[in-house]
Amino acid sequence: MKQKIFILLCTIGICISVHAKKYIVHSPDNKIKVSITADKQLIWSIDYNRERILTPSAIQMNIEGLKIQPGINPVVINAKVDKINAEQIAVVPVKQKTIRDQYTQLTLICKGDYNIIFRVYNNGAAYRFETVLKQSPIIVNSETVELNLIDGCKAYWPREKNQEYITHCEAIFDELKLESLTKEMKGYLPIYLSTPKGTKIVIMESDLSDYPNLFLTGNRNNTLSGEFPPVVLKSALKEGTDRDEVLLEKASYIAETEGTRAFSWRVLMINEDDKAVIENNLVYQLASPSVTQDTEWIKPGKISWDWWSTLNVYGVDFKAGVNTDTYKYFIDFASKYGIEYILLDEGWSAGTWNIKEAIPELNIPELVRYGKERNVGLVLWTLWNPLDKDLEGILDIYEKWGIKGIKVDFMQRSDQYMVNFYERVGKAAMDRKLLVDFHGSFKPSGLQKRYPNVMTFEGVLGLEHDKDSRDINPVHDLILPFTRMVAGPMDYTPGAVNNATAEDFYINFVHPISLGTRAHQAALYVVYESSLQMLADSPSNYYKAPEFASFISRIPTTWDDTKAITAKIGEQLVIARKNGKNWYLAGLTDWNARSIEVKLDFLEADKYKMEVFKDGVNADVYASDFRTEEVIVSKGDSINVTMAKGGGWAAILTPVE
């Protein structure tokens with residue numbers, strides 16, 4: 001990440017009013033006002049467009065042994081304001097390549113060797129603690145994150161109740177009134193809220209490092225309270241499992257960390273509508289820059305995935321399964337369609353805990369050689385537990401083999417140790433020029449910026465659950481861009497060839513199908529952000545659907561720019577993204593058919609060839625029905641994005657020279 005700073009003003013009294021212990025900070029466009037009071041407690045509140053969205057809420061930490069606790073009876077020694085108007089250049093851009101980074105920053109330097117920093121952007125506000133303590137390490141007993149919201153707010157809340165914070169972060173989101181939330185409902189981030197006036201707020205954190213993830217709970221009122229997984233002192237595998245843990249001993253504190261450090265940003269992304277939610281990039285902006293400038297080797301792209309289709313290939317002269325012939329078939333498919341990688345998921349190794357050796361039926365060196373000749377790299381699945389025990393040794397083997405990346409799975413925890421495990425993996429993989437996909441994971445919180453080889457995270461109820469439920473449907477697909485995807489890249493794994501209406505759908509683990517139309521699946525490749533994007537289905541199925549395979553294989557996985565055209569959570573979305581000179585346009589709808597007029601005023605060249613993949617005339621009853629067309633359009637033209645129920649629409653727009 002490169003940053004260019006255009007304006008930097010460091011002075012007292014710019015964009016801030018100070019009266020005794022009260023401070024007011026405005027966003028550059030003056031639409032957001034953050035008020036801070038330093039009295040018996042450190043308190044903040046937020047107004048947006050003259051609507052009070054956050055009423056006075058406490059900010060504090062409890063650090064073992066300190067006489068002066070951060071945020072309690074704060075004594076402000078100095079208040080410093082910076083006005084920043086800068087650019088960030090994303091190494092691996094999943095939303096925008098060039099990001100305008102404009103904000104007003106207030107730093108309160110407090111007695112007791114700590115600071116509290118507030119940043120106010122045009123689309124959100126954030127704060128973080130910094131400590132400069134002589135003792136190190138320190139024990140953080142607790143952190144108070146209190147969000148007293150106004151009456152009448154509704155939230156999309158993850159259906160998660162595990163009291164020990166053991167979770168894959170794969171839940172259905174329910175729209176609930178805040179006052180219906182209880183302390184037992186552990187909400188992992190991001191949390192999407194809507195105020196009575198329609199302001200959209202997304203609660204997140206950024207720059208998470210050496211510290212546990214933040215969870216939120218309710219108390220049958222308008223207050224959301226932060227909770228953190230405690231430090232795990234002792235854990236063991238549950239009897240009869242190779243991956244699920246039981247936490248045998250937990251500390252009374254949440255972190256043991258350095259005394260001089262910056263803590264996580266607590267972020268409220270504030271948006272006038274759902275379109276602005278899609279374009280909001282604050283989580284990435286607030287994260288620390290890349291640890292290295294050596295990033296030329298990092299190659300985003302798509303992966304032909306084996307697990308969803310249960311390795312079902314057909315029309316071949318070999319027995320399909322976890323063997324060299326089957327994966328050569330995957331490589332041939334990937335090469336034909338310009339797909340950069342194939343994934344060898346669980347089953348390739350001699351055991352789930354022996355991930356240093358392949359099973360006898362697999363010749364990894366031969367597959368690496370075969371793939372290299374065809375410009376296709378190999379990515380290997382790993383269980384996190386054995387990787388944790390011998391990270392360097394295992395990755396040394398993969399580097400020697402010529403592997404291009406790893407998919408790390410089944411972490412399930414969100415405590416400090418696990419956060420540090422993610423960072424250890426990112427660094428060790430970076431040192432060996434390996435890409436990383438975290439599966440069975442918590443959400444991204446900026447690690448992908450510090451370590452740009454960290455391509456994507458799961459932490460989402462994705463397409464894989466079509467194999468065992470009806471939960472992955474067009475409504476769910478239209479909630480995710482406003483909830484989970486706001487955090488960062490999302491490994492949803494789209495690409496189903498066999499599709500069904502709500503009436504026709506049935507569960508089939510071995511030969512899975514998706515809810516919604518085939519054009520809906522095509523559109524997901526433009527809508528969903530992931531710099532490593534899966535093609536989930538069998539190569540054999542894609543060979544039978546060459547127009548679909550060809551279309552989705554041409555959609556990039558990184559984006560220079562993103563523009564939301566129309567958006568309403570759970571109902572509809574039309575989005576335009578740019579890569580190079582080309583634009584990519586996509587629409588999604590819920591179980592209602594729609595026709596949305598889209599004005600092509602975002603285009604830059606005069607004329608474009610527009611290649612469209614859309615619902616066929618009978619897609620409402622036969623979900624796999626689709627139609628392709630090619631037309632010439634001009635900048636400023638209006639087109640109709642027409643979708644069947646559960647449908648979608650996607651187009652590739654190439655300038656006509």
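Working out 0.36 nm times the residue gap between Glu279 and Glu64, then minus their Cα-Cα distance, what length gain in nm do you get to one decimal?
Taking Glu279 through Glu64 to full extension adds about 73.4 nm, to one decimal.
Work out the length of the dipole vector of region 316-436 about its Cα centre, built from +1 on the beta-carbon of each Lys and Arg and -1 on the beta-carbon of each Asp and Glu, and round it to the nearest 20 debye. Before the final figure, lay out the partial values.
Numbers: 16 positive and 19 negative charges, 58 e Å.
Here region 316-436 has a charge dipole of around 280 debye.
So, how do all the Cα-to-Cα distances of the chain break down into 20 Å bins, in percent, from 0 on up?
Result returned by the calculation: 19, 53, 26, 2, 0.
So how do 566-575, 591-600 stack up, highest first, on mean other-Cβ count within 10 Å? Walk me through the numbers before you get to the answer.
On the way: 566-575: 20.5, 591-600: 15.4.
The densest-packed peptide leads the list: 566-575, 591-600.
By average Cβ neighbour count within 10 Å, what is the ranking of 370-380, 330-340 from highest down?
Top of the packing list down: 330-340, 370-380.
Take each of the peptides 210-222, 450-462, average the number of other beta-carbon atoms within 10 Å over its residues, and list them starting from the highest.
Numbers: 210-222: 19.3, 450-462: 25.7.
Order by mean packing, descending: 450-462, 210-222.
How far is it, in nm, from the label point at Asp471 to the one at Leu237 when both lie 7 Å from their Cα along the line to the Cβ?
That separation, rounded to one decimal, is 2.5 nm.
What number comes out for accessible area per residue over the chain if the probe is 1.4 Å? Units Å², please. If you can, show how the numbers build up before the last one.
Details: 24180 Å² over 657 residues.
That works out to 37 Å² per residue.
Express as a percent, rounded to the nearest 5, the fraction of DSSP beta bridges in the chain (both residues included) that run antiparallel. Display every interim value, and only then the final one.
Working: 155 of 181 bridges.
Here the share of antiparallel DSSP bridges comes out near 85 percent.
Count charges around Pro28 for me, please; just the other residues with Cβ under 14 Å from its Cβ, Lys/Arg as +1, Asp/Glu as -1. It would help to have the intermediate numbers written out before the result.
Details: positive: Lys31, Lys33, Lys83, Arg100, Arg119; negative: Asp29, Asp82, Asp101.
Net charge in that neighbourhood comes out at +2.
At a 1.4 Å probe, what is the % contribution of carbon and sulfur to the accessible area of region 481-620?
Values: 1830 of 4110 Å².
Ligands and nucleic acids excluded, carbon and sulfur reach 45 percent.
Calculate I(q)/I(0) for region 157-204 by the Debye formula, one identical point scatterer on each C-alpha and no solvent, and give its log10 at q = 0.14, 0.30 Å⁻¹ to two decimals.
Per q value, in the given order, log10 I(q)/I(0) is -0.36, -1.30.
Using alpha-carbon pairs under 8 Å, 6+ residues apart, how would you state the relative contact order of region 108-170 in percent? Walk me through the numbers on the way to the answer.
Working: 34 pairs, mean separation 11.6, N = 63.
Relative CO of region 108-170 lands at 18 percent.
Which of Leu248, Ile138, Ser540 sits closest to the plus end of the dipole of the chain, meaning its Cα is farthest towards the positive end, when Lys and Arg get +1 and Asp and Glu get -1 on the C-beta?
Final value for the positive-end residue is Ile138.
If I model a spin label as a point 7 Å beyond the Cα along the Cα-Cβ vector, how far apart are those points for Trp591 and Leu176 in nm?
2.2
For Lys372 and Gln293, calculate 0.36 nm times their separation in residues minus their Cα-Cα distance, and state this gained length in nm to one decimal.
25.9 nm
Between Asp601 and Thr98, what is 0.36 nm times their sequence separation minus the Cα-Cα distance? Round to one decimal in nm. Don't jump to the answer; show the numbers that get you there.
Numbers: separation 503, 0.36 × 503 = 181.08 nm, distance 2.02 nm.
Gain on extension, Asp601 to Thr98, equals 179.1 nm.
Whole angstrom only: what separates the Cα centroid of region 144-197 from the Cα centroid of region 413-446?
Taking the Cα centre of region 413-446 as reference, the centre of region 144-197 is 25 Å away.
Can you pull out the GluC sites (Glu not before Pro) in region 459-531 whose DSSP state is coil and whose Cβ has at most 15 other Cβ atoms within 10 Å? Don't skip to the end; give the middle numbers.
Details: sites: Glu464, Glu503, Glu529; in loops: Glu503, Glu529.
Here the GluC sites (Glu not before Pro) that fit, given the DSSP loop and packing criteria, are Glu503.
The values are calculated or read from the model by the stated rules, or taken from the named source; none is laboratory data. Quantities reported herein were computed from a predicted structural model and do not represent experimental measurements. A quick note on method: Cβ atoms are made from the backbone with ideal geometry, for glycine too, and the neighbour counts reach across all protein chains shown. Surface accessibility is based on the protein's heavy atoms, side chains included, excluding ligands, DNA and RNA. Shrake-Rupley method; radii C 1.70, N 1.55, O 1.52, S 1.80 Å.
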